[in-house]
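Notes follow the structure.
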Amino acid sequence: MNDSFLSLAPNDPIGSKSTFVRNTAILENQQAELSLLESRHSYLDEGERLLDRWWWFHGGHVQGDLLSVVTTQMVRRGPRGWAINFEPTTTWITTLQWRTGRILKMQPAPNYGVSPIYGFSVASDQQWTYLYGNNHLYGRGTTENRVARVPRGRLLAAPTYWDGEAWTADASAAISILTHGTFACRLFVFRHGNRWLATAKDDEFYGDEILLFEAPQPTGPWRIIQGFTPPTKSGDARTCTYDAMACTLTPGSLLLWWSNNAYDEQFVHAEPAMYRPSFTQLTLAASAAKL
């Protein structure tokens, strides 16, 4: 989950017994039971405040007991508040023990930049791991998606970039593999058997529909094969949906989840449940199940 509030129910208003934290590690077992992992790691310099700088965890790759995760450093550029007042400044690779959530090390990514952030989502075939990137987290104009690749699981290897015809070491030659929407379209790519699928919330905060894409290759071309319109938490325009992600549930269905939020931050402070994620089983349409 990219941006959600998880807690035991019921919630108290923020500032009483409930509070927000930037990151947490949660383990889900095969029975879909969730466990909160005990992991403490200081990300701040001495005297620095949590509200001024933090880290955002994105796509990753598991090898044995280790999980490598693409991580962006976020710095506040505006008034304290929602994440839209922050900008990514650098990209790192975080290595942790996924069974415990313990962070072992954080290292600068080979592509240290953030335009685009390569690794917003990560997917692998037998030989390569693909790092999908967009040019900002939530900013207007996040409609282009690019892709780089490294040898399978080697997130600290120097990536090559898709230029429309071949893979190149020149990051500036990378082209958009999908440009969609007017505000934002951030591809979350995953494997469904041998298929390349991706989800994206159409225009994020300001759209209505979650889109399901498919491509014959990790580089595209991507086409929409199905859509789903999730309800908002409040049932009206006070709240919004965004950050659509998915994984395989059965050969004919996906587990689809997304984040919820309110346009007025105080609404969520008073009722934190509005910030909880939503989950649903999405059955692939007959036209999308077998192509």
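The values are calculated or read from the model by the stated rules, or taken from the named source; none is laboratory data. Remember, it's a predicted structure, so these values are computed and weren't measured experimentally. A quick note on method: Cβ atoms are made from the backbone with ideal geometry, for glycine too, and the neighbour counts reach across all protein chains shown.
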- Test each condition in (1) within 21 Å of A244 (Cα to Cα); (2) among the aromatic types (F, W, Y); (3) touching an Asp or Glu at 6+ places or on another chain (Cβ under 8 Å) for Y161 and report the one that comes out false. (1)
- Query: Can you find a residue in the stretch 242-252 that is exposed (fewer than 14 other Cβ atoms within 10 Å of the Cβ) and either modelled with pLDDT of 95 or more or of a type outside the set (G, A, S) (or both)?
  - Reply: yes
- Item | Within the stretch 232-271, tally of residues that are in contact with a Leu (Cβ under 8 Å, 6 or more places away or on another chain) and part of a loop (DSSP other than H, G, I, E, B) | 1
- Note on the structure: Here the residues within the stretch 214-231 that are assigned to a loop (DSSP other than H, G, I, E, B) and among the β-branched types (V, I, T) are T219, T229
- Task: Find the residue count for the stretch 163-193, including only residues that are closer than 30 Å to L256 by Cα and among the polar types (S, T, N, Q).
- Result: 3
- Item | Failed item, numbered, when W55 is tested on (1) of a type outside the set (A, V, I, L, M); (2) modelled with pLDDT of 70 or more; (3) assigned to a loop (DSSP other than H, G, I, E, B); (4) within 23 Å of W98 (Cβ to Cβ) | (3)
- Task: Quick one: count up the residues across the stretch 190-213 that are outside any strand (DSSP E or B) and either of a type in the set (A, V, I, L, M, F, W, C) or more than 17 Å from F228 (Cα to Cα) (or both).
- Result: 3
- Could you list, in sequence order, the residues of the stretch 220-241 that are touching a residue at least 40 places away in the same chain (Cβ under 8 Å), surrounded by fewer than 17 Cβ atoms within 10 Å (Cβ to Cβ) and on the phi > 0 side of the Ramachandran plot? none
- Item | R146 being charged (D, E, K, R) and under 17 Å from G220 (Cβ atoms) | yes
- Residue hits (the stretch 260-291; over 24 Å from V122 (Cβ atoms), surrounded by 16 or more Cβ atoms within 10 Å (Cβ to Cβ) and among the small types (G, A, S)) are A262
- Could you grab me the full set of residues in the stretch 143-189 that are over 23 Å from P110 (Cβ atoms) and either in contact with a His (Cβ under 7 Å, 6 or more places away or on another chain) or assigned to a strand (DSSP E or B) (or both)? T143, L178, T179, A184
- Task: Given the conditions (1) closer than 15 Å to N145 by Cα; (2) modelled with pLDDT of 90 or more; (3) surrounded by 15 or more Cβ atoms within 10 Å (Cβ to Cβ), report the number of the one that W257 does not fulfil.
- Result: (1)
- Task: Please determine, by comparing only the residues of the stretch 95-116 that are in contact with a Phe, Trp or Tyr (Cβ under 7 Å, 6 or more places away or on another chain) and crowded, with 18+ Cβ neighbours inside 10 Å, which one is modelled with the highest pLDDT.
- Result: A109
- Please work out which residue is farthest from S124 (Cα to Cα), limiting yourself to the stretch 202-240 and to residues that are of a type in the set (A, V, I, L, M) and more than 19 Å from the chain's Cα centre (by Cα). A237
